[in-house]
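A quick write-up on the structure given underneath.
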Amino acid sequence: MKVQFDSSRVELVQGDISLQVIDAIVNAANPQLAGGGGVDGAIHRGAGPSVMEETRARYPLGCPPGDAVVSGAGMLPAKYLFHAVGPVWRGGQQRETELLRSCIRRCLELALKHNCTGIAFPAISTGAYRFPVDLAAENSIDEVVLFLRGQSSPMLVRFVLFDAGTYGAFARVLESFVDR
Ligand code: AR6
């Protein structure tokens, strides 16, 4: 599914984010940048050890929730990895939504800074971090569209959703943006 927003485009695909051929791939990382399962596991497996070596050296203090840091992409077919730290869902009263939107915005800012014309996002926080998928879809897409409408250089933002349920949740939200 693809939707045009001014000169930019948001698209949804179902698949494995570590296989995307695009300027920047977003990792769903933890604050220690220590690696893990899910997206993080797939990305580090595909990228090889150079990425962990680089993030250890450059970001010894890790990265707080709501923020993102950049590294090379190792053996992956991308120029950059943006390691985004989403919130752990704790019921919704711990600024979870704000932190999810903020780590997404930081990735988009990093994309601009590094002259990326394409960026692939996973459904940050909806796996091990248990953020409700519908709420994540609404806020992730809204934050992206808000950003794209406020800037002039064209960008492709691709959400890569692993399973049909998550794809469906994101597709329902993106559809609702067509007439907004
Ligand atoms: N490609 C795309 N999406 C995927 C893939 C993949 N290869 N694998 C899983 N997903 P998660 P989080 C989906 O857990 O919730 C890690 O251990 C998954 O089905 O990867 O932000 C980190 O080290 C879900 O919809 O990220 C952190 O400790 C979504 O991607 C912690 O998990 C996000 O699931 C981060 O948790």
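How big is the gap, in Å, between the Cα center of the stretch 1-55 and the Cα center of the stretch 84-137? Each part reduced to its Cα centre gives a spacing of 12 Å.
A straight chain from residue 176 to residue 54 at 0.36 nm per residue would run longer than the Cα-Cα distance by 39.9 nm.
Give me the net charge of residue 111's neighbourhood, meaning all other residues with Cβ under 12 Å from the Cβ of residue 111; Lys, Arg count +1, Asp, Glu -1. The answer is +3. Computed from phi, the 3J(HN,Hα) profile of the stretch 65-70 under the Karplus parametrisation 6.51, -1.76, 1.60 (θ = phi - 60°) reads x, x, 10, 8, 10, 9 Hz, with x in place of Gly and Pro.
At an R0 of 22 angstrom, the distance between the Cβ atoms of residue 112 and residue 9 translates into a FRET efficiency of 0.90. A straight chain from residue 1 to residue 75 at 0.36 nm per residue would run longer than the Cα-Cα distance by 23.8 nm.
Determine the sum of side-chain charges near residue 101: Lys and Arg each +1, Asp and Glu each -1, restricted to other residues whose C-beta is under 11 angstrom from that of residue 101.
Numbers: positive: 95, 105, 106; negative: 96, 98, 138, 142, 143.
That works out to -2.
Remark: spin-label model distance residue 130-residue 153 equals 4.0 nm, labels positioned 7 Å along the Cα→Cβ axis.
Classification of the stretch 58-154 by its C-alpha gyration tensor yields an oblate form. The axis ratio a/c (a ≥ b ≥ c) is 1.5 or more, and b/c is at least a/b. Given axes a ≥ b ≥ c from the Cα gyration tensor, I'd like to know whether the stretch 2-176 is rounded (a/c under 1.5), prolate (a/b larger than b/c) or oblate. Rounded, because the longest to shortest axis ratio a/c is under 1.5.
What does the charge count near residue 129 come to, summing +1 for each Lys or Arg and -1 for each Asp or Glu among other residues with Cβ under 10 Å from its Cβ? Spelling it out: positives minus negatives among the neighbours equals +1.
In order along the stretch 80-90, phi translates into HN-Hα couplings of 9, 10, 10, 8, 9, 10, x, x, 7, 6, 10 Hz, rounded to whole numbers, per the Karplus curve 6.51 cos²θ - 1.76 cosθ + 1.60 with θ = phi - 60° and x for Gly and Pro. Remark on residue 15: its backbone amide H falls under 5 Å from those of 161, 162, a criterion applied only to residues 5 or more positions apart or on other chains, H modelled at 1.01 Å from N. Between 18, 71, 50, the Gaussian network model of the chain with springs among Cα atoms under 10 angstrom shows the greatest mean-square fluctuation at 50.
Using a ≥ b ≥ c from the Cα gyration tensor of the stretch 1-103 (square roots of the eigenvalues), is it rounded, prolate or oblate, where a/c under 1.5 gives rounded and otherwise the larger of a/b and b/c decides, a/b for prolate? Oblate.
None of the figures in this text is laboratory data; all of them are computed from the coordinates on show. Given the structure is predicted, the values throughout are model-derived calculations rather than measurements. Here Cβ is always computed from backbone atoms with ideal geometry, including for glycine, and neighbour counts include all displayed protein chains.
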